[in-house]
Structure formats: C-alpha cells, structure tokens
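Report on one structure; see the data block that follows.
The values are calculated or read from the model by the stated rules, or taken from the named source; none is laboratory data. Being a predicted model, the structure only gives us computed values, none of them experimental. Don't worry about glycine lacking a Cβ; one is built from the backbone with ideal geometry, like all the others, and counts go over all protein chains shown. Accessible surface areas use protein heavy atoms only, side chains included; no ligands, DNA or RNA. Shrake-Rupley method; radii C 1.70, N 1.55, O 1.52, S 1.80 Å.
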Amino acid sequence: MAKEKITTRATAYHFSDLPMATFVYVIETARRVWVIDTFCGSLSMEPVLQDMPEGREVMVVNTHFHWDHVWGNCAFTGEVVSHRRCRELLAARWEQELARYGNYRRGRVERRLPTITFEQRLFFPEDGIELFYSPGHTADSISLFDHEDRLLYVGDNLERPLVYVEDPELDAYLRTLEEYKKYRPQQLMAGHAKNLTLEEVEGTIDYLRHLKAGTEVVFVTEEERLIHAANQKVLKGECG
C-alpha cells in the first residue's frame, strides 16, 4: 500500500495486491472524514484507520456493490452511504461474491450493509460534499463531488485504458458522463485510476457510442481488445 496527498484535505491510498490496482480515497473536512470505498477487508483498512483524526464523524461511501469496494466496511462503525440499489444488491449477492472472490479477502470480511441510502442526490453543505446517482459501470453506481477542491470521484465509471461495462443500459451511462462535464472538475479520481481528465471523459463517451452502434473500433493494445470483447458480450446478454 502507498498513499499520496491529493489536496490539503484529500488522500489517495493505492493498493497494488490485486491484478488491478485499486484506490481508496479519504477526504478530511472540519466535521467529518469521508472514506470512499473500502477495498478488501479490515486488514486493508488498517492504514486508513491509523491516519484517522480523532473526534470526527466517519462517513463511508460505497460507490457500487462490487466486492473490491465494500469488503472493508466492517472496519468502520459509523454510517455507510450508498444508492438504494447498491444496498439491495449487497444484501442479495454478498455471499455469492464472497464465495467467488474470497481468496482476495484481507483480514475480516463481515457483511456490513449501507445504513444511509438515497435515490438521486445527497448534499452535505457544511462539508462541501455532494453525492449523486450516476449509473454506468453498474446500475447502482454513485459519484461524489468535493465542491471545495473541485474533485470528482467516479467509482468505476472511468478506467484506463478502457471502461468495463457491466450494465447494458448505455444511454444511462452516457447521460452520467455528460453530467460529469457539467461539474467542471479540476481532476477526476476513479476506483482503479487517478488523475483522470475531461478529455478521458470525452474519449469514453466516444467509445460507448461506438459500442452502442456496433461500429468498428481500432485499439492499440491487446488489453483494450479483450475488454471491448467482454463489453460486447454484456450488450448481447451473454454475461450473467
């Protein structure tokens, strides 16, 4: 694990012990500490807890239900915030994901579901933190915008070199990406990539439009070709 200060109040924790690098983000405000996703269990959250300032409420955010973003929920005793659909999916699929990916657990993995859910938007003006529904990578995805630092945290809705599509509703995904542009963020942070740009948002919009239309896309790397082939299967209903 490595950590990097992004702004005076935001830190990125970089975990490299999975096939895909993963980031957990922490935002410290005067009243609260916001933890964006919790990786793979209690052990993976120990560095985050060691850095935690005393006397502030901790708010955990689950950007979506996937195991590598929620298994560390049990390391925290405060509120856990997600979209309503995220809580429903976690309740339905927790054991299934644990059985399938359990070899990636780090420390304790105990089911801890979100305690606060919402439909479209939650705003905490005293912190300058806005949470909003942003379906894309999955149907339950949410994003967080830090109005003070103008940083947008997008979960897995953006990736390098190419996004993974798990929900075939591409129109919703495209609307989310267009919504991101309206915030005019200084930087974008994702679950498996950081320091993204609006140019990469535009590139993802262009890719998804080609994917939706079924038109040919030229790729540079074999990794991109493999991801694209998997995305095509999702659109055809060949992946469950």
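Just the residues that are open to solvent by 40 Å² or more (accessible area, probe 1.4 Å) and free of Cβ contacts under 8 Å to residues at least 60 places away in the same chain, please, taken from region 90-105. If you could, list the steps in order and put the result at the bottom.
Going residue by residue through region 90-105, those that are open to solvent by 40 Å² or more (accessible area, probe 1.4 Å) are 91-93, 95-96, 99-101, 103-105.
Within region 90-105, ALA91, ALA92, ARG93, GLU95, GLN96, ALA99, ARG100, TYR101, ASN103 meet the criteria.
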Among (1) more than 30 Å from GLN232 (Cα to Cα); (2) surrounded by fewer than 20 Cβ atoms within 10 Å (Cβ to Cβ), ASP146 falls short only on (2)
Considering region 29-44, residues that are within 19 Å of SER82 (Cα to Cα) and not in a loop (DSSP other than H, G, I, E, B), and then whichever is most open to solvent (accessible area, probe 1.4 Å), we arrive at ARG32
With the first residue restricted to region 106-124 and required to be under 24 Å from PRO47 (Cβ atoms), and the second required to be open to solvent by less than 90 Å² (accessible area, probe 1.4 Å) and among the charged types (D, E, K, R), Cβ contacts under 6 Å at 6 or more apart or on different chains are THR115/GLU79
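Just to be sure, is VAL109 assigned to a strand (DSSP E or B), open to solvent by less than 70 Å² (accessible area, probe 1.4 Å) and not charged (D, E, K, R)?
On the way: assigned to a strand (DSSP E or B): no; open to solvent by less than 70 Å² (accessible area, probe 1.4 Å): yes; not charged (D, E, K, R): yes.
Here the answer is no, as VAL109 does not meet what is asked.
How many residues are part of a loop (DSSP other than H, G, I, E, B) and either open to solvent by 20 Å² or more (accessible area, probe 1.4 Å) or touching a helix residue (DSSP H, G or I) at 6+ places or on another chain (Cβ under 7 Å) (or both) if we restrict to region 128-143?
Start the filter on region 128-143 by keeping residues that are part of a loop (DSSP other than H, G, I, E, B), which leaves 128, 134-141.
Now narrow it down to the ones that are either open to solvent by 20 Å² or more (accessible area, probe 1.4 Å) or touching a helix residue (DSSP H, G or I) at 6+ places or on another chain (Cβ under 7 Å) (or both): 134-136, 139-140.
Selection size over region 128-143: 5.
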Inside region 50-62, the number of residues satisfying the requirement of being out of contact with any Phe, Trp or Tyr (no Cβ under 8 Å at 6 or more places or on another chain) and either of a type outside the set (D, E, K, R) or within 20 Å of VAL81 (Cβ to Cβ) (or both) is 7
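Taking region 162-174 as the search range and keeping residues that are open to solvent by 60 Å² or more (accessible area, probe 1.4 Å) and not acidic (Asp, Glu), which one is farthest from GLY191 (Cα to Cα)? Spell out the reasoning first.
So in region 162-174, the residues open to solvent by 60 Å² or more (accessible area, probe 1.4 Å) come out as 164, 166, 168-169, 171.
Now drop any that are not not acidic (Asp, Glu), which leaves 164, 168.
On the way: TYR164: 12, PRO168: 20 Å.
So, considering only residues that are open to solvent by 60 Å² or more (accessible area, probe 1.4 Å) and not acidic (Asp, Glu), the one farthest from GLY191 (Cα to Cα) is PRO168.
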Practice prompt. Test PRO19 against the criterion of being more than 13 Å from the chain's Cα centre (by Cα) and at pLDDT below 95, and give yes or no.
Written response: yes
*Take ASP206 and decide whether it is under 15 Å from ASN231 (Cβ atoms) and touching a Gly at 6+ places or on another chain (Cβ under 8 Å).*
no
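I want to confirm something. Restricting to region 1-21 and keeping residues that are among the aliphatic types (A, V, I, L, M) and assigned to a loop (DSSP other than H, G, I, E, B), which single residue is most open to solvent (accessible area, probe 1.4 Å)? Outline the logic, then answer.
The first filter runs over region 1-21 and keeps only residues among the aliphatic types (A, V, I, L, M), leaving 1-2, 6, 10, 12, 18, 20-21.
Within this subset, residues satisfying the condition of being assigned to a loop (DSSP other than H, G, I, E, B) are 1, 6, 18, 20-21.
On the way: MET1: 108, ILE6: 37, LEU18: 22, MET20: 64, ALA21: 34 Å².
Looking at the filtered set, the residue picked out is MET1.
Evaluate the following for LEU177: is it in contact (Cβ under 8 Å) with a residue 40 or more places away in the chain, buried (at least 19 other Cβ atoms within 10 Å of the Cβ), part of a helix (DSSP H, G or I) and not acidic (Asp, Glu)?
Working: in contact (Cβ under 8 Å) with a residue 40 or more places away in the chain: yes; buried (at least 19 other Cβ atoms within 10 Å of the Cβ): yes; part of a helix (DSSP H, G or I): yes; not acidic (Asp, Glu): yes.
Answer is yes for this residue.
Filtering region 45-73 down to residues that are open to solvent by 10 Å² or more (accessible area, probe 1.4 Å) and in a helix (DSSP H, G or I), which residue is farthest from ALA92 (Cα to Cα)? If you could, list the steps in order and put the result at the bottom.
Of all residues in region 45-73, those open to solvent by 10 Å² or more (accessible area, probe 1.4 Å) come to 46-47, 49-58, 65-68.
After this cut, where a residue has to be in a helix (DSSP H, G or I) as well, the list is 46-47, 49-50, 67-68.
Numbers: GLU46: 27, PRO47: 30, LEU49: 28, GLN50: 32, TRP67: 13, ASP68: 16 Å.
The qualifying residue farthest from ALA92 (Cα to Cα) is GLN50.
Working only within region 125-146, note down all residues that are in contact (Cβ under 8 Å) with a residue 60 or more places away in the chain and either under 16 Å from HIS69 (Cβ atoms) or touching a Lys or Arg at 6+ places or on another chain (Cβ under 9 Å) (or both).
Restricting attention to region 125-146, the residues satisfying the condition of being in contact (Cβ under 8 Å) with a residue 60 or more places away in the chain are 126-129, 131, 137-138, 140-144, 146.
Listed by number, the residues that qualify are GLU126, ASP127, ILE129, LEU131, HIS137, THR138, ASP140, SER141, ILE142, SER143, LEU144, ASP146.
Okay, residues lined up against (1) within 19 Å of the chain's Cα centre (by Cα); (2) among the polar types (S, T, N, Q); (3) buried (at least 17 other Cβ atoms within 10 Å of the Cβ):
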{"residue": "PRO185", "(1), (2), (3)": "yes, no, yes"}
{"residue": "GLY191", "(1), (2), (3)": "yes, no, yes"}
{"residue": "ASN195", "(1), (2), (3)": "yes, yes, no"}
{"residue": "ARG209", "(1), (2), (3)": "no, no, no"}
{"residue": "GLU216", "(1), (2), (3)": "no, no, no"}
{"residue": "LEU226", "(1), (2), (3)": "no, no, no"}
